[in-house]
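Asks: Let me begin by handing over the structure; questions about it come next.
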Amino acid sequence: MAVLPILRWPDPRLMTICSPVAEDVSVLAADMLETMYAAPGRGLAAPQIGVLRRLFVMDCTWKEGIYAPQVLVNPEILWRSAETVIGPEGCLSLPGLTTQIMRSKAVQMRWSDLNGAVNEQTFTGFAAICVQHEFDHLNGVLTLDHLDPATRADAERALA
Ligand code: ZN
């Protein structure tokens, strides 16, 4: 396993729509989890390490001592709750920046695991925020893209 360098905004690979995974990604996923834990973060999407494929890893509870790594390959959002929440989000590719982002309160997702088995789960709470954030990365969308122009300009100045 290896800890990989994490790309930072404004690397253009972070603004790219990723293509579906067709190959075995078990080694990549193990490296992504190691990279995420080392960062330290709770989620990491493949484009953040320069791999433009549709997968992300997350573990929403490890910082509280409960290790629950998940690997979501070719994820799709099947349903989003109409009810939304606004909360602070950081991003390993936007170091030092925390912004208030509106998200659906719950999302139902379908994805493949590393064995190719199809999973479906409805995420709520922090996990719902995390999966929406990581899913955005697969479409080249960053938290910056959710901000109004003035807030975004401030955020970009702070990052630069
Ligand atoms: Zn991120």
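Asks: Do any residues in segment 126-142 that are closer than 13 Å to P47 by Cβ and within 11 Å of the ligand (Cβ to nearest atom) have Cβ atoms under 9 Å from those of residues that are in a helix (DSSP H, G or I) and of a type in the set (D, E, K, R), where the two are at least six apart or on different chains, and which pairs are they?
Replies: Pairs found: D136/D145; L142/D136.
Asks: Report, by residue number, each residue of segment 54-69 that is closer than 12 Å to E134 by Cα and either in contact with a strand residue (DSSP E or B) (Cβ under 6 Å, 6 or more places away or on another chain) or aromatic (F, W, Y) (or both).
Replies: Within segment 54-69, R54, L55, F56, V57, M58 meet the criteria.
Asks: Here is a follow-up. In segment 38-78, how many residues are assigned to a strand (DSSP E or B) and within 13 Å of the ligand (Cβ to nearest atom)?
Replies: Matching residues across segment 38-78 total 6.
Asks: Next question. Please state which one of P149, P88 is loosely packed, with under 12 Cβ neighbours inside 10 Å, more than 12 Å from the ligand (Cβ to nearest atom) and without any contact (Cβ under 8 Å) to a residue 12 or more places away in the chain.
Replies: Unique residue meeting the criteria: P149.
Asks: Next question. Against the definition (exposed (fewer than 14 other Cβ atoms within 10 Å of the Cβ) and closer than 17 Å to F135 by Cβ), how does I49 come out, yes or no?
Replies: Against the criterion (exposed (fewer than 14 other Cβ atoms within 10 Å of the Cβ) and closer than 17 Å to F135 by Cβ), I49 does not qualify.
Coordinate-derived values only; no laboratory data. Worth saying up front: this structure is predicted, and the values here are computed from it rather than measured. For neighbour counting, all protein chains shown are included, and Cβ atoms are generated from backbone atoms with ideal geometry for every residue, glycine included.
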